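Where a number appears in this text, it was derived from the coordinates with a stated rule and is not lab data. Note that the coordinates shown come from a computational prediction; the quantities given were computed from them, not determined experimentally. Counting neighbours? That spans all protein chains shown, and the Cβs are built from the backbone with ideal geometry, glycine included.
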């Protein structure tokens, strides 16, 4: 904080310091006061619409929205005076009069911000007649359920979808009390340009947007006589604990495996092994492209939301830039239903594979015709939390245990798949070795680890200059894609993740997705990576064995059949 | 009427003599204030914009007159558009804007063609490099708010934006922008050239239970009795200042000026007086005006969007004659909280009419 | 990668490392002074490495500019031509001006003079704001309902008329007033209405 623009003000009588241009809500938050808010989100444009974060400022006649009022020197602010509390309570009551009040039977029960604030403000009734709308629930999407009867019009979803992701699937429609959030011309989510990333689900504070649940199907499966296999994505171990009160940034790999085994899975496999295989194939593909002067930049394709984004908006121009490699999930799924089924001599039809993913778009991915018959169900991190609670698993006190062989061993390179820049770093570790023809020691590519939306680096590998770029959020990706389209891209290799922060910020991860929490999750994954002896995918003995026993060489015919895919142009309304 | 006197680019000539800074100084000295209702010194607004750095600046003429009972801008645009355009020209000159917009409310579509001709003529006569475009609204009261006009010209929904930043700092397309009302701009050349010009003379739109409704030039400080006489008000009981300004009981000796009305917890706004006769019930008026606000609330902020629905419900319930003690208390509390917490000027003033009616005419709200 | 270059300043030689980075649409040249003598090969590699480590290659995010087209004007024209805003036409407009459909749709539904639903050929809007209300707008409304045989928000079967209420249209001095499409009609009487709605 430079001295020049430092100012002093009072919040609830206590003197605090702030910088000019800061907003009241942020200064209060830094000083331990979390002013209630719905429409405010540190990553989105401030709009000051929900009027819950109002505070009293001495000398000002009206109450001020703290999310969009800048601090001034000498300001005296009261965040919880009787007048403020009364106004806040009434604005909450107005929202509740227009909200489906079926909390105990709502999917967001106990996760809901609206519910939390109602309880904190001790709202026991609403004096207003119900103005509850009777809109139809939009159940059309395979990932996201939209129930406008619970919408409080905070606009977070619209801002995430349009401003951050540039997907433009939903917008504000009509005026006044008739305002709704819908896809254009009242089309369904399925018909819209929605890429299933679920960032709107994470942003929604009132249960209007939730993931499409597969919990009942999984419970049925757990009670069937099928052989049950589960795989868990790299980022789940870094976030699942939060749902059980474990502080953010604590890896819970061992407990997670124990829990899954306890609820009835016969085998617990690690998607990380799929990630290691992805890297081997992807690095191979990249080296081939570089050596053979083929289409560059090559873009990673682990993220199903980005894939749909690309297929919708850039198919004609850029489909050749997309790596043909499947995502780790899809790779492990195909290996389970072929290699592993073969190994345990079971008909793939008698195996049920459940994926635990950070992501609502994975629900869409497993239903793609290309992957038919592979993975059966996807549960998000939040859903797994709900399932474990429903089955009364005492998660916090569980002992640790290990993944099952032969699809359970992974390297540090796979762990970092869960955060932005991780796939690139993992790929570079392997590609650098391949191009240099040696076992390189320096394997930390720190320049691509930050939370900046677009990160680039230039490296020299085996005498060749390689420019790489890492980008998260599809809005930021769009800028790079436009650049490629115009033939101006300076890059050789690009990683795209649709969600802010990568998979640790995925649409199926527990909220809140603020920068603080996301940074802790990243650190958790980096810690896991650094604690491992083997940190390069191509050194994974399990992977090497897999190639030796079954796949042959990277890029072989069988590898192509099981580990690669194709893309198709997608249309939208 | 003075406002209809054609200046024939005399103001523009004077501006060329005085230069931008001199013109701004003169306007400040003459005390020209905005006629949109906020009563801010126009010269000061221009000065802020002039001083702001920016590769591009804009001037917007707010011709989205939508306040119920207000029709003075329509008269000016019909009878003396030349002065308005000259005002725009001068505003652009003083703020270094190269592009101006006239945000014309959709309901005044019939004025568009004539305005375009006037723009063409004045720009060619003045020999000044400037682009003036007419953007037509499409029916939204909220677009009278300056930040909502900006959103509307930017092709977004007409949602208001919190202030600061004010338009002179960050306005249209993020650039410094001056927004002035039609009447203000029409007064600019007059104030510059006419020595007898005074800021105290305003255009009043008079309507309601009156025999001679119309636009009149009236001095600030005139007694209500005098105004009632001009428009031949019929047995007046109350006067509304538009819909947003709230009401006061009719009293012949009440002197009309901003401070007096403010003291009564009403707002003069754009000098629109709607007279209500003794045969009316103020509860019916409250219902009618709340219907207006419910229809025109943009829906962005919670208290105005949700609140107006409940204000109307409560008023209708009171009207139905049920035991209403609790409802009256709730109505008043809700009205205060909408006023205190809404985002924009419209939201903050949309319950003035309820609060003032409850204050002065509580009898009308009692069960019969 | 950075490269070494000898720079001659006032007759003396100095060695600099140069590196070009991209900032948004522009390119920026960065430099670092490394000494008066040419560094050895190993030293140069080390210097280059340090230099590149220090540079956080910035990628400025270029703000997307909203196109300055008067969309509202397009929409009003469309409304005038079709009597409503057809989905296909909005899609065409979206492609033409490169603005997402949902944004145009969102704006279209905000304004009361625009409609995305099919309406009658002539939209009759009756002002019910205070001045008109005090001058009998409700009688006008009742009469219009009676003549057209429809309620507010409805369209006649022959699609000739739609009936709506409107906020103040600025004709308070000639109340009651109504609007039929773009035309303002003032001092409305039953007889006038009858003629208009024939």
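Looking at the protein assembly as shown, I'd like the Rg to Rh ratio, where Rg is from alpha-carbon atoms and Rh is Kirkwood's inverse mean 1/r.
Values: Rg = 33.6 Å, Rh = 32.9 Å.
Taking Rh as the inverse mean 1/r over Cα pairs, Rg/Rh reads 1.02.
If we sort A:521-533, A:259-271, A:327-339 on the protection proxy, mean other Cβ atoms within 10 Å, highest first, what's the order? Intermediate results must be reported in sequence, preceding the final value.
On the way: A:521-533: 18.6, A:259-271: 21.5, A:327-339: 24.5.
Peptide ranking by packing, descending: A:327-339, A:259-271, A:521-533.
Report the relative contact order of chain A, percent, no decimals, based on alpha-carbon pairs under 8 angstrom and at least 6 residues apart.
On the way: 1119 pairs, mean separation 90.6, N = 573.
Relative contact order of chain A: 16 percent.
Averaged over all directions, how much area does the convex hull of the C-alpha atoms of the stretch B:201-277 cover when projected, in nm²?
Orientation-averaged projected area of the Cα hull: 4.0 nm².
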| query | What angle, in degrees between 0 and 90 and rounded to the nearest 10, separates the Cα long axis of helix A:381-390 from the longest principal axis of the Cα atoms of chain A? | reply | 80
| Enclosed volume per residue, in Å³, of the convex hull spanned by Cα atoms of the stretch A:338-383 | 76
| task | Fewest Cβ neighbours within 10 Å first, please rank A:130, B:205 accordingly. | result | A:130, B:205
| Shielding of B:207-217 by partner chains, average beta-carbon count, 10 Å | 4
| query | Relative contact order, percent, of chain C when contacts are C-alpha pairs under 8 Å separated by at least 6 residues? | reply | 13
| Packing rank of A:438-448, B:329-339, where each peptide gets the mean count of other beta carbons within 10 Å, highest leading | B:329-339, A:438-448
| field | In degrees, nearest ten, helix B:282-296 long axis to first principal axis of chain B (Cα) | value | 50
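Using packing as a proxy for protection, rank A:102-108, B:276-282, B:96-102 so that the peptide with the highest average count of other Cβ atoms within 10 Å comes first.
Values: A:102-108: 13.9, B:276-282: 17.4, B:96-102: 21.4.
The most tightly packed comes first, giving B:96-102, B:276-282, A:102-108.
Using only atoms on other chains, find how many Cβ atoms lie within 10 Å of each Cβ of peptide B:143-153 and report the average. Provide the component values of the computation, followed by the final result.
On the way: counts 3, 0, 0, 0, 0, 0, 0, 0, 2, 5, 4.
The per-residue average across the peptide is 1.
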| query | How far, in degrees from 0 to 90, does helix A:304-313 lean away from the longest principal axis of the Cα atoms of chain A, to the nearest 10? | reply | 90
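Relative contact order of the stretch A:433-573: what whole-number percent is it, with Cα pairs under 8 angstrom and at least 6 residues apart? Don't skip to the end; give the middle numbers.
Numbers: 111 pairs, mean separation 17.8, N = 141.
Rounded, it is 13 percent for the stretch A:433-573.
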| task | Pick out which of B:292, B:241, B:204 has the largest mean-square fluctuation in a Gaussian network model of chain B, springs linking Cα atoms closer than 10 Å. | result | B:292
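Based only on other Cβ atoms within 10 Å, what is the fewest-to-most ordering of C:127, B:344? Working shown, then result.
Working: C:127 30, B:344 23.
Final ranking by Cβ density, sparse to dense: B:344, C:127.
Based only on other Cβ atoms within 10 Å, what is the fewest-to-most ordering of C:146, B:35?
Details: C:146 12, B:35 25.
So the ranking, lowest neighbour count to highest, is C:146, B:35.
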| Relative to a virtual label point 7 Å from the Cα of residue A:324 in the Cα→beta-carbon direction, which members of the stretch A:547-568 show backbone nitrogen distances below 14 Å? | A:554-568
| Which of C:105, C:14, C:82 moves most in a GNM of chain C, Cα contacts under 10 Å? | C:14
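Could you work out the mean count of beta carbons from other protein chains within 10 Å of each residue's beta carbon in B:290-298?
Working: counts 0, 5, 7, 2, 2, 10, 6, 5, 5.
Taking the mean over all residues of the peptide, I get 5.
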| request: Evaluate the distance, in nm, between pseudo-label points positioned 7 Å from the Cα of residue A:544 and of residue A:220 along their respective Cα→Cβ axes. | output: 4.5
| said: Modelling each spin label as a point 7 Å along the Cα-to-Cβ direction, I'd like the residue B:260/residue A:125 distance in nm, to one decimal. | reply: 4.6
| query | On full extension of the chain, what length is gained from residue A:566 through residue A:450, given 0.36 nm per residue of separation minus the C-alpha to C-alpha distance? | reply | 38.6 nm
| task | Would you mind pulling out the separation of the Cα centroids of the stretch C:67-125 and the stretch A:178-195, in Å? | result | 17
